[in-house]
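The values are calculated or read from the model by the stated rules, or taken from the named source; none is laboratory data. Model, not experiment: these values are computed from the prediction. So basically every Cβ, Gly included, is an ideal-geometry build from the backbone, and we count neighbours across all protein chains shown.
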Amino acid sequence: MTSELDIFVGNTTLIDEDVYRLWLDGYSVNDAVALRVRSGILEQTGATAGVLQSDTMDHYRTFHMLERLLHAPPKLLHQLIFQIPPSRQALLIERYYTFDEAFVREVLGKKLSKGTKKDLDDISTKTGITLKSCRRQFDNFKRVFKVVEEMRGSLVDNIQQHFLLSDRLARDYAAIVFFANNRFETGKKKLQYLSFGDFAFCAELMIQNWTLGAVGEAPTDPDSQMDDMDVDLDKEFLQDLKELKVLVADKDLLDLHKSLVCTALRGKLSVFSEMETNFKNLSRGLVNVAAKLTHNKDVRDLFVDLVEKFVEPCRSDHWPLSDVRLFLNQYSVSVHSLDGFRHQTLWDRYMGTLRGCLLRLYHD
Amino acid sequence: MPGKLKVKIVAGRHLPVMDRASDLTDAFVEVKFGNTTFKTDVYLKSLNPQWNSEWFKFEVDDEDLQDEPLQITVLDHDTYSANDAIGKVYIDIDPLLYSEAATVISGWFPIYDTIHGIRGEINVVVKVDLFNDLNRFRQSSCGVKFFCTTSIPKCYRAVVIHGFVEELVVNEDPEYQWIDRIRTPRASNEARQRLISLMSGELQRKIGLKVLEMRGNAVVGYLQCFDLEGESGLVVRAIGTACTLDKLSSPATFLPACNSPSKEMKESPLVHPPSHGCRSTHNSPIHTATGSRLTQSFSVSVPTLIYTGMGSGSAGKEGGPFKALLRQQTQSALEQREFPFLTLTAFPPGLLVHVGGVVSARSVKLLDRIHNPDEPETRDAWWAEIRQEIKSHAKALGCHAVVGYSESTSICEEVCILSASGTAAVLSPRFLQEGTVDGSLEQRVEENLPVGCGFCHIPYDELNMPFPAHLTHCYNCRKQKVPDVLFTTIDLPTDAVVIGKGCLIQARLCRLKKKAQAEANATAISNLLPFMEYEVHTQLMNKLKLKGMNALFGLRIQITVGENMLMGLASATGVYLAALPMPGGIQIAGKTPSDGSYEQHISHMQKKINDTIAKNKELYEINPPEVSEEIIGSPIPEPRQRSRLLRSQSESSDEVTELDLSHGKKDAFVLEIDDTDAMEDVHSLLTDVPPPSGFYSCNTEIMPGINNWTSEIQMFTSVRVVRLSSLNLTNQALNKNFNGLCENLLKSLYFKLRSMTPCCLCHVNFTVSLPEDELIQVTVTAVAITFDKNQALQTTKAHAEKSLQRASTDNEELLQFPLELCSDSVPSHAFPAAKEHPESASSNSGTPAAQRATSVDYSSFADRCSSWIELIKLKAQTIRRGSIKTTVTVEKASPMGDGNFRNRSAPPCAGSTVGVVKMTPLSFIPGAKITKYLGIINMFFIRETTSLREEGGVSGFLHTFIAEVFAMVRAHVAALGGNAVVSYIMKQCVFMENPSKNQAQCLINVSGDAVVFVRESDLEVMSTQQPAVNCQPTCTGEVTT
């Protein structure tokens, strides 16, 4: 006796969170059944393996039917076929768009193209995440990217409106879109110690301060082919950053800056002497990063440069984080006392964000 | 020209892409009623067209208004080739034709295509202006209300119950017309849908006319069925009970009432509790009347469970003078009617006096082509014959009426089994006649009806019993005689005194049959039928005894015919009626008591059976008070005879009487094990597993012994098709397979619904069909309802599993510190069995439903809160969280984002665009008050595919289709302004596949009553927590859903 057909349809669609997780994780029905058996569900409920198999199949079928709607979450809300309480809808969407840390680290900053998609096999082997799950996550990134790429307005809001994600998740997606658009390099070996959270934090700061949207100006002509306000860095700003070069090029200015910082910090840093020795190198590093941002290639290497030019030197001298904070604060603030320097606002826009990023990046 | 139908096409959404080049659609709409068609403009290049059409007006006869459905076709305009159809919507405008129901139909309807399923939605507004028509000879019956509910609908009062109405119409099935060879299957299926829609309308109108003739104004218990007779045609038939109903004044209906219908009965004067009783015959010899009639209509009728030979029509006349008087009066009321049948299963108080037992009749017919669709005499005659037989069976039981009456067919090729069954009953004349009935008699009726047991008392004369039965004095009133077992097709009367809880009892049976043609086939089937009836009955009886119970309610026996087998499936709800004697045990008797090991085996089995009975008694809490023999009263006149149950041939075996009966003083049932078959049967008795702890099941409306229902309900349909391996096709193997199939299905249901425990599966309705050789299809529709845990605690204490015990401790805590609870702790207390996922709670606007394994209705957690204070606090918290999130984006007004976004972070449900529509096979909604009946929903859909594999195989195909059917029912109800369907039933689900051609097809027919309900908790909240509610009005809406 073999089962040809076996279905269960509720007026309210039944969603089993555990099975949903297994489905999202890309397990086949048989693997999912095996995992559920291992969870001890049979003993708890007194069910048989056959019952479990049928139940799992049923849920998988439902999820498969829902998947099409999950690709455009507002559709899930308006569709009539599945009666799902809103709280469950929210859960379905949120879980569907949730991604694995290990996976996102592999594709963050990469072009979301077919080429990258081909590498998913390797990523799957490397991270231990099933290929199916990798595909879903990659397609989610790509889908969100495609929808909000050309859109004006707040990136986070756009994502929330079109994908109905929670605030937290929408912010993560904003970071992913931002990184993918600017193609920041995150895969280098020396960047491996950084988590997605670190990058997302930096992305948020950069979106807030370094993009066109950050300036808060309404575009003069709404029909003009404006840059996407939140997704692209403010080109003009990057161009202006060259002006900061004077801080290291002008020897007097550099010395003055150094003495201001040293005076202020004397006795307050445990690594004062190291700071004093390294000041010029560090300052050169930070300012040169700014000056180079006009080239796309250098924009991509932003994080590599920051780690190389600042994080690593400080780390090798064993600066405690509190000292880094003190130093960066003083380093930024002291520029205001440099009489010969005229780009205070520009400096603040640059350093304000960079200081936040560096503090976040500075850990083991 | 008595009616004007007005239709406005507003907009469409989510349309499919019809033009690959532009990824868009140029849609327009055709609106057709009768022979008139209107068209909207073409809305270019949009998947969300805004037609906003003028009002299309159809001036039509009300006859047409009743017959014709409104047809709306959405098409894609194509300049160069023919326009492509996107899909259709059929709207039954009948609900607009009577004043108390809906006044406008307005809403989003799924656009349905027989190949592609649902393809977007269309917003339509429909209105009807009716002019008064005083024509006496009119053919229309506008204004007659139809209800699927098999009791007097909740907001009405029965003035007169006029009686049985029936009608059938026939037509040729478009599927089998010659033209089918040249047109596409899609066109043919659409023609079928249209035709059946038309035929249902016509049928309803004709029934309505009959009701008007009887001077009634409504049909209750309306059951419409299709017989797909294949080559010979398409029959649409309906039965119902004509009534005159009075609407109860509306303010009263808004009074908050209590949760359970049973409580409702006591406290609210509005509802008519079904008070009825029933009695049944048991293990009686089978009387078979075989007669061949006309050559082509070979027919065999099989009366069930009733021995007609003994009971003459005069049986009742020898009863007491009062009985006779009552009988005469009622008889005169019923005499004018051809068939004194009621399709009701629950009755206004006082209507049902006694119940005689189940009466049923079957007849095997050979189908022939219906030559003249306008004169469906053959089918009419067939049914008339069967009804006549039912009537005579009822008479033999000393009853003048049949209640809980239903009819069904099973068709395979050209053979058709017609079945009818009901419960023979004696009715009080109170509701049956217009005008006043003799008041004193009525009073006497009441005096003579002891509460809770009257219906059990035998209606027939004990000295002239229609069948051998074992009578005792009623254990409740000690005055009248009662049988030892009672079988009925009706619901358990609410005033019946029941001990413990009830349970679903099923008898399952397969019989192989040789493949044969025409008459030979019909003969083979009719020869098998009596044996099947007998065995089904035996199984039911054994299982009932095994459960320690003494009565069956809602009995439904389905016999299905296939190419090479017959299947029998009987479902009923077993209970222990306090008025009936305690059932005896089951005694096993070996045939050859010489062998020692055999003897040992027998005693081992006996022990197992006794253990099972004891366990079941504990499980269902059957502890009747001990009654000593003396109190029971005067000795019973007839000799104490033992009920014996013998296998196929009865052999006299005197040793039986000498057996020691282990189960007390009552007579035990004796099972003789004389061959391996019998052994198998005993084994199969013991293989039925009771539902897991926390679950109960029944096929009646409500479960006796449980009345603390919460509002959490989940209606579902489950379908299974299994292929039998043709190698081991023996009766035994078949029975085993079939048993396994049903048991596994039940197990799956319990597993799926485990998060709802403690809960009860109500109105469990199994349907078996045999679509092909070696294929068995079982379809189950039921509703799971949770009940209050506190009550469950007391009831399941003895055998609760660990999880439940944990639940109990949690619950005690909850009760002890109700004020200290924060919203986060409530869900974990409320659902102790569910695993906790802290992160899910946070990701989900703090909705506790997120923590449950399978959620059905998140509003239920509210109902489980022990006090309203928690609820309010909880809501406040949810809202607070929600509002924090919203602040950021609320000002940004993107056209579609705004609404959607609010949905996401606002409290669940508050901003949902799709209203929740509940569906239930029951006539009520727990914890809610039905305030309005909007009309009958009766829908027929066909779905086909030529890409079965691509759609997920047969399971994927049918899963989608059933989900779509639910969606369309919900959409129609919502458009009528309703929020629930009650008395929902899936009458047909015919599934055919051809995997080698990658094709499948399915027909589904569903019906129910669209209603508006108001949740009682809302009313309570509004009255007790006014301030809290005021500050967040959206929240109340949330609970409603």
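Filtered by the rule that a residue be within 14 Å of chain A (Cβ to nearest Cβ), out of contact with any helix residue (DSSP H, G or I) (no Cβ under 8 Å at 6 or more places or on another chain) and either within 18 Å of B:D78 (Cβ to Cβ) or basic (K, R) (or both), region B:1-22 gives B:G12, B:L15, B:P16, B:V17.
Only residues that are under 30 Å from A:H162 (Cα atoms), more than 12 Å from every other protein chain (Cβ to nearest Cβ) and acidic (D, E) were counted across region A:22-66, and they come to 1.
Of the residues making up region A:264-281, those that are without any contact (Cβ under 8 Å) to a residue 40 or more places away in the chain, of a type outside the set (D, E) and touching a helix residue (DSSP H, G or I) at 6+ places or on another chain (Cβ under 7 Å) are A:R266, A:F272, A:N278, A:F279, A:K280, A:N281. Residues in region B:734-743: is at least one under 20 Å from the mean Cα position of the chain (by Cα) and not polar (S, T, N, Q)? Scanning region B:734-743, I find at least one residue that is under 20 Å from the mean Cα position of the chain (by Cα) and not polar (S, T, N, Q), so the answer is yes.
Scanning region B:738-754 for residues that are farther than 17 Å from B:A570 by Cβ and either in contact with a helix residue (DSSP H, G or I) (Cβ under 7 Å, 6 or more places away or on another chain) or surrounded by fewer than 19 Cβ atoms within 10 Å (Cβ to Cβ) (or both) yields B:G740, B:N744, B:K747, B:S748, B:F751, B:K752, B:R754.
Taking A:E106, is it surrounded by fewer than 19 Cβ atoms within 10 Å (Cβ to Cβ) and more than 8 Å from every other protein chain (Cβ to nearest Cβ)? When the stated conditions are applied, A:E106 does not pass them. Residues that are modelled with pLDDT of 75 or more, within 25 Å of B:V575 (Cα to Cα) and of a type in the set (D, E, K, R) do occur in region B:697-705. Restricting the first member to region B:382-402 and to residues that are on the phi > 0 side of the Ramachandran plot, and the second to residues that are buried (at least 24 other Cβ atoms within 10 Å of the Cβ) and of a type in the set (F, W, Y), the beta-carbon pairs closer than 9 Å and six or more apart or on different chains are B:G398/B:Y460. Looking at region A:98-185, the helices (runs of 4 or more DSSP H) lying wholly inside it that each contain 2 or more residues that are free of Cβ contacts under 8 Å to residues at least 24 places away in the same chain sit at A:114-118, A:120-127, A:131-149, A:155-163, A:167-182. If the condition is being of a type in the set (A, V, I, L, M, F, W, C) and over 14 Å from A:L302 (Cβ atoms), then region A:176-200 contributes A:I176, A:V177, A:A180, A:F196, A:A200. Residues in region A:111-121: is at least one among the aliphatic types (A, V, I, L, M) and either within 27 Å of A:L205 (Cβ to Cβ) or within 14 Å of chain B (Cβ to nearest Cβ) (or both)? Yes - at least one qualifying residue is present in region A:111-121. Within region B:65-80, if we keep just the residues that are over 16 Å from B:I122 (Cβ atoms) and surrounded by fewer than 19 Cβ atoms within 10 Å (Cβ to Cβ), the residue that is nearest to the chain's Cα centre (by Cα) turns out to be B:D78. Note on region A:224-294: enclosed helices (runs of 4 or more DSSP H) holding 1 or more residues that are charged (D, E, K, R) are A:235-240, A:251-265, A:272-292. Exactly one of these conditions fails for A:T294: (1) surrounded by 18 or more Cβ atoms within 10 Å (Cβ to Cβ); (2) within 27 Å of the chain's Cα centre (by Cα); (3) closer than 20 Å to A:L238 by Cα; (4) among the β-branched types (V, I, T). Give me its number. A:T294 satisfies all of (1) surrounded by 18 or more Cβ atoms within 10 Å (Cβ to Cβ); (2) within 27 Å of the chain's Cα centre (by Cα); (3) closer than 20 Å to A:L238 by Cα; (4) among the β-branched types (V, I, T) except (1). Residues of region A:11-21 that are within 7 Å of another protein chain (Cβ to nearest Cβ) and either modelled with pLDDT of 95 or more or not in a strand (DSSP E or B) (or both): A:N11, A:T12, A:L14, A:I15, A:E17, A:D18. Just name the residue that is nearest to B:A974 (Cα to Cα) out of those in region B:89-112 that are among the charged types (D, E, K, R) and buried (at least 19 other Cβ atoms within 10 Å of the Cβ). Here the residue is B:D92. Selection of region B:942-954 for residues being in contact with a Phe, Trp or Tyr (Cβ under 7 Å, 6 or more places away or on another chain) and either among the small types (G, A, S) or surrounded by fewer than 23 Cβ atoms within 10 Å (Cβ to Cβ) (or both) yields B:L948, B:E951.
What is the one condition in (1) among the small types (G, A, S); (2) touching a helix residue (DSSP H, G or I) at 6+ places or on another chain (Cβ under 7 Å); (3) more than 26 Å from B:L734 (Cβ to Cβ); (4) modelled with pLDDT of 90 or more that B:G590 does not satisfy? Of (1) among the small types (G, A, S); (2) touching a helix residue (DSSP H, G or I) at 6+ places or on another chain (Cβ under 7 Å); (3) more than 26 Å from B:L734 (Cβ to Cβ); (4) modelled with pLDDT of 90 or more, only one is false for B:G590: (4). Name the pairs whose Cβ atoms lie under 6 Å apart, with the first residue in region B:952-978 and at the interface with chain A (Cβ under 7 Å from one of its Cβ atoms) and of a type in the set (F, W, Y), the second part of a loop (DSSP other than H, G, I, E, B) and crowded, with 24+ Cβ neighbours inside 10 Å, and 6 or more positions between them or separate chains? Close Cβ pairs (under 6 Å, with a partner that is part of a loop (DSSP other than H, G, I, E, B) and crowded, with 24+ Cβ neighbours inside 10 Å) amount to B:F966/A:N11. A count restricted to region B:508-528 and to residues that are in a strand (DSSP E or B) and buried (at least 22 other Cβ atoms within 10 Å of the Cβ) stands at 3. Where helices (runs of 4 or more DSSP H) sit wholly within region A:302-364, those with at least 2 residues that are of a type in the set (G, A, S) and in contact with a helix residue (DSSP H, G or I) (Cβ under 7 Å, 6 or more places away or on another chain) occupy A:321-334, A:344-361.
Each row is one residue, and each column tells you yes or no for (1) surrounded by 14 or more Cβ atoms within 10 Å (Cβ to Cβ); (2) touching a Phe, Trp or Tyr at 6+ places or on another chain (Cβ under 8 Å); (3) without any contact (Cβ under 8 Å) to a residue 60 or more places away in the chain.
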residue: A:V299; (1), (2), (3): yes, yes, no
residue: A:E308; (1), (2), (3): yes, no, no
residue: A:W319; (1), (2), (3): yes, yes, yes
residue: A:R325; (1), (2), (3): yes, no, yes
residue: A:S332; (1), (2), (3): yes, yes, yes
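Which one is surrounded by the fewest Cβ atoms within 10 Å (Cβ to Cβ), of the residues in region A:334-364 that are of a type in the set (S, T, Y) and touching a residue at least 40 places away in the same chain (Cβ under 8 Å)? Checking each candidate, the answer is A:S337. Is it the case, given these coordinates, that B:V42 is free of Cβ contacts under 8 Å to residues at least 40 places away in the same chain, over 27 Å from B:S141 (Cβ atoms), surrounded by fewer than 22 Cβ atoms within 10 Å (Cβ to Cβ) and within 14 Å of chain A (Cβ to nearest Cβ)? Answer is no for this residue. Could you please let me know if A:D6 is among the charged types (D, E, K, R), more than 7 Å from chain B (Cβ to nearest Cβ) and surrounded by 16 or more Cβ atoms within 10 Å (Cβ to Cβ)? Judged against the criteria, A:D6 is not a match.
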